[in-house]
1. Look at region 106-151 and say how many of its residues are part of a helix (DSSP H, G or I), among the small types (Gly, Ala, Ser), touching a helix residue (DSSP H, G or I) at 6+ places or on another chain (Cβ under 9 Å) and over 19 Å from residue 53 (Cα atoms).
2. Of the numbered conditions (1) open to solvent by 10 Å² or more (accessible area, probe 1.4 Å); (2) under 13 Å from the mean Cα position of the chain (by Cα), residue 116 satisfies every one except a single condition; which is it?
3. Can you pull out the residues in region 134-167 that are touching a residue at least 60 places away in the same chain (Cβ under 8 Å) and more than 28 Å from residue 45 (Cβ to Cβ)?
4. Given region 1-91, what strands (runs of 3 or more DSSP E) lie entirely inside it while holding 3 or more residues that are in contact with a helix residue (DSSP H, G or I) (Cβ under 9 Å, 6 or more places away or on another chain) and open to solvent by less than 30 Å² (accessible area, probe 1.4 Å)?
5. What number of residues within region 16-44 satisfy the criterion of being under 11 Å from residue 113 (Cα atoms) and out of contact with any strand residue (DSSP E or B) (no Cβ under 9 Å at 6 or more places or on another chain)?
6. Six or more apart or on different chains, Cβ atoms under 7 Å: show the pairs whose first residue is in region 104-121 and without any contact (Cβ under 8 Å) to a residue 60 or more places away in the chain and closer than 18 Å to residue 14 by Cβ and whose second is assigned to a helix (DSSP H, G or I) and open to solvent by less than 10 Å² (accessible area, probe 1.4 Å).
7. Tally the residues that are part of a strand (DSSP E or B) and farther than 18 Å from residue 61 by Cα, restricting the search to region 92-105.
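The values are calculated or read from the model by the stated rules, or taken from the named source; none is laboratory data. Predicted, not measured: the structure shown is a model, and the values here were computed from it. Counting neighbours? That spans all protein chains shown, and the Cβs are built from the backbone with ideal geometry, glycine included. Heads up: the accessible areas ignore ligands, DNA and RNA and are worked out on the full protein's heavy atoms, side chains in. Shrake-Rupley method; radii C 1.70, N 1.55, O 1.52, S 1.80 Å.
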Amino acid sequence: MEPLELFEHALTAPLDDLIVPSVQVMPPTSIKTWQLPATDLEAYQRWGLPIVEATELQPSFDRVIEDEDQVYYRLCAIGEDDLVTAADTGTVEGFCHLEGAAFPRYWINGSGALFVDTAWRWYGVNTALRAAPFEYETYDRLDRFFALVQEKDPTVGENSLWHSLVEGW
């Protein structure tokens, strides 16, 4: 497929068709003990998360973080930040560890299942557009990705990771 066809595919294909085994990171079996909604656990165990090097999304599934009387499970890192999912609710947030950060915590997705879906679509969109010739329409295509993210997950706004990735592209 040509890059722009791959872009469209990333937006519209079923998630099973977007998985790329060479960049897929599956969680350890210990994830079964995480206190998350069943749909989130199923998504992590079925599809895992992609490594997206251009944006430094590095899956890890490697530790428990306690913060403000809440338990979080680390899903991955992006730069120096931890991307975590909250025990019980499954919401996904980012924790920035830089001293004096303007946004020490930021929103990502309303559930782990939505995070998995969005991360794989981001992998496809990002890969396709980096292979395509740069055009001003590229930004319109990125806006289409963000609109799809918001359509699937109305909790995602302009203060989210996904908006930052689109704006920083």
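1. Number satisfying all stated conditions: 2.
2. Condition not satisfied by residue 116: (1).
3. 141, 144
4. Numbers: elements: 57-59, 64-67, 70-78, 81-86.
Qualifying strands (runs of 3 or more DSSP E): 70-78, 81-86.
5. First, pick out the residues of region 16-44 that are under 11 Å from residue 113 (Cα atoms): 36-44.
Those still in the list that are out of contact with any strand residue (DSSP E or B) (no Cβ under 9 Å at 6 or more places or on another chain) too: 37-39, 41-43.
Qualifying residue count, region 16-44: 6.
6. Once the first residue is without any contact (Cβ under 8 Å) to a residue 60 or more places away in the chain and closer than 18 Å to residue 14 by Cβ and sits in region 104-121, its partners that are assigned to a helix (DSSP H, G or I) and open to solvent by less than 10 Å² (accessible area, probe 1.4 Å) give 118/149; 118/162.
7. Quick first cut of region 92-105, residues part of a strand (DSSP E or B) only: 92-95, 105.
Keeping just the survivors that are farther than 18 Å from residue 61 by Cα gives 105.
Residues that pass the stated criteria total 1.
Quick grid of which residues meet (1) in contact with a Ser or Thr (Cβ under 6 Å, 6 or more places away or on another chain); (2) modelled with pLDDT under 95; (3) not aromatic (Phe, Trp, Tyr):
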site: 35; (1), (2), (3): no, no, yes
site: 54; (1), (2), (3): no, yes, yes
site: 84; (1), (2), (3): no, no, yes
site: 87; (1), (2), (3): no, no, yes
site: 90; (1), (2), (3): yes, no, yes
site: 97; (1), (2), (3): no, yes, yes
